[in-house]
Structures are given as C-alpha cells and as structure tokens.
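Read the structure below first, then the notes.
The values are calculated or read from the model by the stated rules, or taken from the named source; none is laboratory data. What you see is a predicted model, and the numbers here were worked out from it, not measured in a lab. Here Cβ is always computed from backbone atoms with ideal geometry, including for glycine, and neighbour counts include all displayed protein chains.
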C-alpha cells in the first residue's frame, strides 16, 4: 500500500482533525472532498509538515513518515498556492536551487516538462499565472521522482480546456502504477468523474471513503 492513515487525529494547530483512517494503493487518483473548512488542506499539512502535529500513524510505502522526514519528502510532490518558491527567480533558477535537495533530481527532465506544459523556463515564478504556477510545481514534483503527489485545490479556477489537459498529465503520472495522486477539491463533478477513490471530510471527520461512484 502506498499511503496509509490510521486513526489520524490532529493536535496543536491541527486538532480539528478527528480519527481519520484510509489507504491508497499505487496507481490511482484519489480525491479529498468537502466544503471549505472541512479539513482537507489540514490533512495534507499533516503529511508534509516537519512538525507532526497529530496522533495516529501515517505510512508511506509501509514506513511511518515520522521515522525519516527527509526520506519522506524525497518521495512527495506537494502542489499548493502556498508553496514557498523564490518568486523573484526564474523557473529554471528555482529548479537549480531547490532541485539540489533531491537525490533523484533530473534538471533535463524538469526543463523538458516545463516546455511541454508551456511554462517559460526563463520567466520569474512570481510572474506566472496561477495555472502556470500549478504546472511549474507539477513539473518540479515529476522531476524529482515523486511517488505521492499531494495537490491542494490545484484545479480551482481552471478553464475546462486546461483542466482536461491537467488530468491527462495526472494520468501519465499514475500510468506506471508506481505513483498515486491525492488531491483536494470542492468541485463535485470533478471528484465523481475523474477520481478512482474519494474520501469525504466534514468538520474534520471522515464521513465516507470508497470508489468514486459509491461515495457521492
């Protein structure tokens, strides 16, 4: 199993979450659904934060993510409006700087993916549109060999053409059946039509989990 959560309950700033358990095998798209404030982003933050503000267990490829934070983050691609890239530097420069933190970083692949996604490598990250910024981050995550992609409202505000293109990229990511995507969304049709599995959160609690057609 690629990702497993067992009785995850938040503490500290994340105490809103309560007793969340589910598992995600490799090779699938999974949606985290729920209204704004349901706990979707908070749950992703539990996975990527250096400060593990939760009780319970989160495993990635069978290993408790508390064991080795650096190893965990080598395997995770996090795509969010809040990611702290260097906005006064170009996309290429960000790749050169942040890519050094990853053992499997492939600069050539990163530049190739930027070109394919129509993101100019020489453009400052701060000048990218929201859609381009999401593409840039996705390319970055693919270029360091992520096995778990965490996408926080990545498709919010996307036009239909770009959304279709973006899901083609996600299906390519999971095509090898070695990686999976866990993404938050409040767009019900997107969740029901595009995802393999869906977890629905309400007031910090998991109220349903299963195959997409069975949960919404």
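Tabulated values for the structure
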read-out	value
The one condition in (1) within 21 Å of residue 205 (Cα to Cα); (2) at pLDDT 95 or above; (3) surrounded by 17 or more Cβ atoms within 10 Å (Cβ to Cβ) that residue 46 fails to fulfil	(2)
Where residue 172 falls short, out of the listed (1) free of Cβ contacts under 8 Å to residues at least 24 places away in the same chain; (2) within 21 Å of residue 75 (Cβ to Cβ); (3) surrounded by 13 or more Cβ atoms within 10 Å (Cβ to Cβ)	(3)
Residue 61 at positive phi and surrounded by fewer than 18 Cβ atoms within 10 Å (Cβ to Cβ)	yes
Residue 95, sole failed condition from (1) closer than 21 Å to residue 131 by Cβ; (2) part of a strand (DSSP E or B); (3) more than 17 Å from the chain's Cα centre (by Cα)	(2)
Selection count, region 27-51, where residues are assigned to a loop (DSSP other than H, G, I, E, B) and either touching a strand residue (DSSP E or B) at 6+ places or on another chain (Cβ under 8 Å) or within 17 Å of residue 198 (Cα to Cα) (or both)	7
Residues (on the phi > 0 side of the Ramachandran plot and either touching a helix residue (DSSP H, G or I) at 6+ places or on another chain (Cβ under 7 Å) or modelled with pLDDT of 80 or more (or both)) located in region 167-209	203, 204
Meets criteria (more than 23 Å from residue 58 (Cα to Cα) and touching a residue at least 24 places away in the same chain (Cβ under 8 Å)) for residue 162	yes
Residue list for region 142-166, restricted to those being surrounded by fewer than 23 Cβ atoms within 10 Å (Cβ to Cβ), in a helix (DSSP H, G or I) and modelled with pLDDT of 90 or more	142
Number of positions in region 52-71 that are within 19 Å of residue 183 (Cβ to Cβ) and either at pLDDT below 95 or in a strand (DSSP E or B) (or both)	2
Residue check for residue 121: part of a loop (DSSP other than H, G, I, E, B), under 21 Å from residue 29 (Cβ atoms) and touching a strand residue (DSSP E or B) at 6+ places or on another chain (Cβ under 7 Å)	no
Residue match in region 90-98 (condition: at negative phi, at pLDDT below 95 and surrounded by 14 or more Cβ atoms within 10 Å (Cβ to Cβ))	no
Residue ID - surrounded by the fewest Cβ atoms within 10 Å (Cβ to Cβ), chosen from residues in region 6-43 that are more than 22 Å from residue 167 (Cβ to Cβ) and in contact with a helix residue (DSSP H, G or I) (Cβ under 8 Å, 6 or more places away or on another chain)	16
Filter result (outside any helix (DSSP H, G or I) and either at negative phi or at pLDDT 95 or above (or both)) within region 99-118	102, 103, 104, 105, 106, 117
Considering residues of region 167-215 that are in a loop (DSSP other than H, G, I, E, B) and in contact with a strand residue (DSSP E or B) (Cβ under 6 Å, 6 or more places away or on another chain) only, the residue farthest from residue 142 (Cα to Cα)	204
Single condition residue 124 does not satisfy, out of (1) surrounded by fewer than 16 Cβ atoms within 10 Å (Cβ to Cβ); (2) over 29 Å from residue 102 (Cα atoms); (3) at pLDDT 95 or above	(2)
